[in-house]
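Asker: Provided herewith is a single structure, encoded as structure tokens, for subsequent inquiry.
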């Protein structure tokens, strides 16, 4: 409780000036501060009578502790630079499902790197991602150890709600809120206390529209966006507004979104990107790939030059498929002549 | 024996989270049992049985489930001791937002789900505000932004709580939760003399006692009237 003294002596009006986020705090905790700006917090709380305390289920003692905790957390949170200073993640070997030691040199992942994770279903991809998220210290079933910036990770990565190490993007995610794109982003920006709210929101909408096959308007309800537009918005929002320095991606469907640009946007915002995928178009975009089997990491492959060439070949094939998709959409017939022509162009 | 109380709105995923967490606890060789509290009916006891977890259920019927819970918790602890459990989990549905089932010194966990809407945290009283751990479920089907906003709202009403995301379907996060539930040194023998963290919702009016007729002349005891005037007419 670093703010104990200030909290006792300052008036509400002064506190709100120092800590503007307290306005929301009072509101969400059902405390009316209107017309009470000249009181101190304990005076404010003592104006609430017995009945109101009982009705709103307020506990003064707990509230005092909560206000102080909340201020401490917010100050710490606001004081941190964008990616919380995570520039390197290291995975140290543990053991696989049969208890056999994993044999690999420590895997070092730097910010702005893309790492693919491949392996059969049930091989332990989720557990690896969970080990990272929990910053495992030989205390998970795999006995792996995670280092952040070559050091033992701070406990905050496990327990703080505003400092999550990992943001997740997965296939079956939806927007469920009944808001327009702009309102939705405003809400997210407010919860993150960003200063230049409007310019951040404009940037996200702009980037999302660069990723989406079909552009959308900021006044569209998020629930009306197409699958591709939703994914584009989720990725742009995560890249720009999420506090988490690491992004986990569980496949990105190849429809209505430019996946290459999406990954570039994420690493451009200095994120570490981990991507579970079996799609060669996506997997080969990674700098390295981790191969998992039977719960253990069995290999770390660095994407070869030959593979990078293959990737550009695959991208050409993909662009042909995308063009045909478009033609189908607009009621055209596909012809073998077209295919030959496209092949030649590619 | 350790005791942990789980609570949360209906369908938030309490049972799924508990089942996945028990799996991780069992892997550590711990014996875990569950007592499930509900109002009219529950089949969750069958799910626990299927998973080989010793289970009892208590249905509050016409009584306030919170009051029923606290009037029975001592017997529940006795049962757990008799079964030789290392960890006893009580699960109770928070059927009204004013529910307040937690006991001082006993670990309290509230389960909420991302789909319930971002205004839910402020609407829930002591069940969330007095919890030690807040579990947020169904994160796999909403966006990262919605998860972050929801978690920040939870943090605002209970900054002291550990906020964790657990997926009741695939168990993501359940192992991590399991590491926070059992302390070897902790031993609960009896709850006699312990206190609730907050008073339970109160009522004692003619309707509590079985009155069914509507009308002012039938209303006695702790009765309160809604303010129909609205803001502008005050």
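A short reminder: the numbers here are calculations on the coordinates, not readings from a lab. Remember, it's a predicted structure, so these values are computed and weren't measured experimentally. Cβ atoms come from the backbone with ideal geometry, glycine included; neighbour counts cover every protein chain shown.
Asker: What is the Rg over Rh value, at two decimals, for the stretch B:44-124, using alpha-carbon atoms and the Kirkwood definition of Rh?
Answerer: 0.98
Asker: Turning to a different aspect of this structure: Quick one, what does Rg over Rh come out to for chain B if you take C-alpha atoms and the Kirkwood Rh?
Answerer: Reported Rg/Rh, Kirkwood definition of Rh: 1.01.
Asker: Oh, and also: Quickly estimate the mean residue ellipticity at 222 nm for chain B, helices only: each DSSP H run with n ≥ 4 gives -39500 (n - 2.57), and the total goes over all residues, rounded to 500.
Answerer: My calculation for chain B gives -8000 deg cm²/dmol from helical runs alone.
Asker: Pick from A:311, A:53, A:333: which is most flexible by mean-square fluctuation in a GNM of chain A where alpha carbon atoms under 10 Å apart are linked?
Answerer: Result: A:333 has the largest fluctuation of those listed.
Asker: A further question follows. What is the Cα centroid distance between the stretch B:18-66 and the stretch A:200-242, reported in whole angstrom?
Answerer: First find each Cα centre; the distance between them is then 43 Å.
Asker: May I ask you to order A:30-40, B:2-12 by the average number of other C-beta atoms within 10 Å around their residues, highest value first?
Answerer: In descending order of packing, they fall as B:2-12, A:30-40.
Asker: Now a separate question. Any idea what the relative contact order of the stretch A:230-341 is, in percent, if you count C-alpha pairs under 8 Å spaced at least 6 apart?
Answerer: Once divided by the residue count of the stretch A:230-341, the mean separation gives 18 percent.
Asker: For helix B:144-157, what angle does its Cα long axis make with the longest principal axis of chain B, in degrees from 0 to 90 and rounded to 10?
Answerer: 70 degrees
Asker: While we're on this one: Where in the stretch A:108-141 does the amide nitrogen come within less than 11 Å of the point 7 Å from the Cα of residue A:300, taken along Cα to Cβ?
Answerer: Correct set: A:108-110.
Asker: Also, I was wondering about something else. Obtain the nm distance between the two label points defined at residue B:227 and residue A:329 by a simple spin-label model: each point lies 7 Å from its Cα along the Cα-to-C-beta direction.
Answerer: 5.4 nm
Asker: If you don't mind, another one. Using only the alpha carbons of the protein assembly as shown, what is the convex hull's orientation-averaged projected area in square nanometres?
Answerer: 33.1 nm²
Asker: Can you give me the angle between helix A:336-345 and the longest principal axis of chain A, using Cα atoms only, in degrees from 0 to 90, rounded to the nearest 10?
Answerer: The helix A:336-345 is inclined about 80 degrees to chain A.
Asker: The stretch A:114-159: percent of C-alpha pairs farther apart than 15 Å?
Answerer: That tail contains 48 percent of the Cα-Cα pairs.
Asker: Please arrange A:278, B:165 by how many other C-beta atoms lie within 10 Å of their C-beta, fewest to most.
Answerer: Taking fewest neighbouring Cβ atoms as first place, the list is A:278, B:165.
Asker: With a 10 Å cut-off between alpha carbons and a GNM built on chain A, which of A:150, A:51, A:96 moves the most?
Answerer: Fluctuation is largest for A:51.
Asker: Separate question: Quick one: Cα centre-to-centre distance for the stretch B:80-108 and the stretch B:167-220, in angstrom?
Answerer: 7 Å
Asker: Over chain B, what relative contact order in percent results from Cα pairs under 8 Å that are six or more residues apart?
Answerer: Contact order relative to length: 25 percent.
Asker: Continuing with the same structure: Rank the residues B:120, B:21 as a footprinting-exposure proxy: fewest other Cβ atoms within 10 Å of their Cβ go first.
Answerer: So the residues, fewest neighbours to most, are B:120, B:21.
Asker: A further question on this structure: What number results when the radius of gyration of the stretch A:177-282, computed over Cα atoms, is divided by 2.2 N^0.38 Å?
Answerer: Relative to the 2.2 N^0.38 Å estimate, the stretch A:177-282 comes out at 1.02.
Asker: Step by step: find N for chain A, compute 2.2 N^0.38 Å, then divide the Cα radius of gyration by it. What's the final number?
Answerer: Against the empirical 2.2 N^0.38 Å value, I get 1.22 for chain A.
Asker: If you don't mind, there's one more thing I want to ask. Which of A:281, A:334, A:92 moves the most in a Gaussian network model of chain A with Cα springs under 10 Å?
Answerer: A:334
Asker: How shielded is B:155-167 by partner chains, expressed as the average number of their Cβ atoms within 10 Å of its Cβ atoms?
Answerer: Partner Cβ neighbours, averaged per residue: 6.
Asker: Where the centre of each part is set by its Cα atoms, how far does the stretch A:1-68 sit from the stretch A:162-198, in angstrom?
Answerer: If we compute the Cα centre of each part, the gap is 28 Å.
Asker: A follow-up question, please. Hey, fewest Cβ within 10 Å first, where do A:199, B:206, A:230 land in order?
Answerer: A:199, B:206, A:230
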